[in-house]
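Below is one structure; the comments refer to it alone.
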Amino acid sequence: MTCTSETLKATAAAMISGYNTWDLEAILSDSWRSPSCIHQVLPLSLERPLMDNAQYRQYFGAFMSAFRNFAVTVKDTIVDEKQRKVWMWASSIAETDIGPYKNEYVLILNCDEQG
């Protein structure tokens, strides 16, 4: 199966949708996350460990309850069909007990042949 630009865009949209539901099962959904998915935080100088799905579930699930009304907004997307990659510039907002939360991200998805 050839991975198309539309497939890659759909995978990226499914990921953003998962985070916007703020539900751990949706965030780890196999609709966009493969069983062999590896999560990496950059820059490498932070020396953060690579996380497989089980490790990411434990890591991310541990602090989800600290955030309410979490919302991600994608500002720009670049899709490279040949390399099966999607780059997104995004930001997020949420509420916490200690005040508002804001963050900005560059998300890079490296996809398999199915997208």
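The values are calculated or read from the model by the stated rules, or taken from the named source; none is laboratory data. As the structure is a computational prediction, the values presented were derived from the model and not from experiment. We place every Cβ from the backbone using ideal geometry, glycine too, and count neighbours over all the protein chains shown. The protein model used for the area step is the full one, side chains on, heavy atoms only, and it has no ligands, DNA or RNA in it. Shrake-Rupley method; radii C 1.70, N 1.55, O 1.52, S 1.80 Å.
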query = Quick one: how many residues across segment 1-18 are open to solvent by 40 Å² or more (accessible area, probe 1.4 Å), part of a helix (DSSP H, G or I) and in contact (Cβ under 8 Å) with a residue 24 or more places away in the chain?
reply = 2
ask   = For residues in segment 94-111 being open to solvent by less than 60 Å² (accessible area, probe 1.4 Å) and farther than 23 Å from SER65 by Cα, which is nearest to the chain's Cα centre (by Cα)?
value = LEU109
ask   = Which residue pairs have Cβ atoms closer than 9 Å, lie 6 or more positions apart in sequence or on different chains, and pair a first residue in segment 71-88 that is touching a residue at least 60 places away in the same chain (Cβ under 8 Å) with a second residue that is of a type in the set (Val, Ile, Thr) and part of a loop (DSSP other than H, G, I, E, B)?
value = GLU81/THR2; GLU81/THR4
Hits in segment 52-84 (condition: among the aliphatic types (A, V, I, L, M) and either open to solvent by 90 Å² or more (accessible area, probe 1.4 Å) or in contact with a Cys (Cβ under 9 Å, 6 or more places away or on another chain) (or both)) = ILE78
ask   = Restricting attention to segment 19-51, and to residues there that are among the hydroxyl-bearing types (Ser, Thr, Tyr) and open to solvent by 70 Å² or more (accessible area, probe 1.4 Å), which single residue is nearest to ALA94 (Cα to Cα)?
value = THR21
